[in-house]
1. Compare the Cα positions of 121, 149, 165 along the charge dipole of region 118-165 (+1 at Cβ of Lys, Arg; -1 at Cβ of Asp, Glu; about the Cα centre) and return the one farthest towards the positive end.
2. Output the peptides 130-142, 43-55, 80-92 sorted from most to least packed, where packing is the average of other Cβ atoms within 10 Å over each peptide's residues.
3. Could you give P(r) for region 24-211, binned at 10 Å from zero, as whole percent values over all Cα-Cα pairs?
4. Taking amide H atoms as placed 1.01 Å from N in the peptide plane, list the residues 5 or more away in sequence, or in a different chain, whose amide H sits under 5 Å from that of residue 151.
5. Going 7 Å from the Cα of residue 61 along its beta-carbon direction, which residues of region 160-195 have the amide nitrogen within less than 19 Å of the resulting point?
Amino acid sequence: MAVKLAALAVALTLAAGGATASAEIKTAVFAGGCFWCMEPPFDRLDGVLETTSGYTGGRTDSPTYEEVTYGDTGHFEAVRVRYDDAKVDYATLLDVYWRQIDPFDDSGQFCDKGSSYRAAVFVGDAAERAAAEASKRELQARLGRPFVTGILPRATFYPAEQYHQDYYRKNPLRYKFYRSGCRRDRRLEEVWGPEGERLEERQRLEEEGASR
């Protein structure tokens with residue numbers, strides 16, 4: 001009986017530990033223009049388990065890339081981030097997010113214009129909304145201009161087609177050509193200056209990520 005009780009205690013402990021670990025896995029959703037470019041900065045963070053490119057905030061179910069880009073579905077290109085809250089918190093994700101976008105552009109992001117390329121933070125609860133609004137206020141004050149980036153309620157997230165996932169890793173040369181041609185990094189330097197990563201450091205980190 002003692003052996004059985006001990007075994008039961010161990011099983012319950014392991015089950016409790018598994019439940020705790022599961023409870024720490026959270027998701028966050030951010031829109032920042034082209035979703036190819038939004039995966040790398042989050043993938044580099046310790047504690048981020050997965051990034052997924054997709055569509056959210058629109059009026060139709062299971063949209064395709066063509067429908068979102070050339071139609072009128074109302075969706076944003078976005079990235080969903082699964083992360084271990086014990087290793088990286090939501091405030092850190094927000095800090096990374098803001099420095100990947102131009103918060104003054106309400107017509108899209110960088111060279112990509114149109115409703116699907118708008119920037120927004122999609123919040124899942126009151127705590128996320130409070131954190132997002134606080135970080136937005138702080139950075140607006142620091143840069144001295146109001147941000148046009150929306151903070152919106154979380155909506156259904158539809159993963160994009162498979163060829164969009166991990167695009168920067170699967171097609172590193174095409175990705176670099178697109179990103180450079182879009183002048184994304186140069187605009188980020190103009191907006192954030194020392195607040196953001198330097199162009200050379202960003203490129204080095206992405207090259208390392210693409211080679212893994």
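Taken together, the values in this text are just the output of simple stated rules run on the coordinates, not laboratory data. What you see is a predicted model, and the numbers here were worked out from it, not measured in a lab. Neighbour counts run over all protein chains shown; Cβ positions are idealised from the backbone, glycine included.
1. The listed residue farthest towards the positive side: 149.
2. Averaged packing, sorted descending, gives the order 43-55, 80-92, 130-142.
3. 9, 39, 40, 12, 0
4. 121
5. Counting backbone N atoms under 19 Å from the label point, the list is 160-161.
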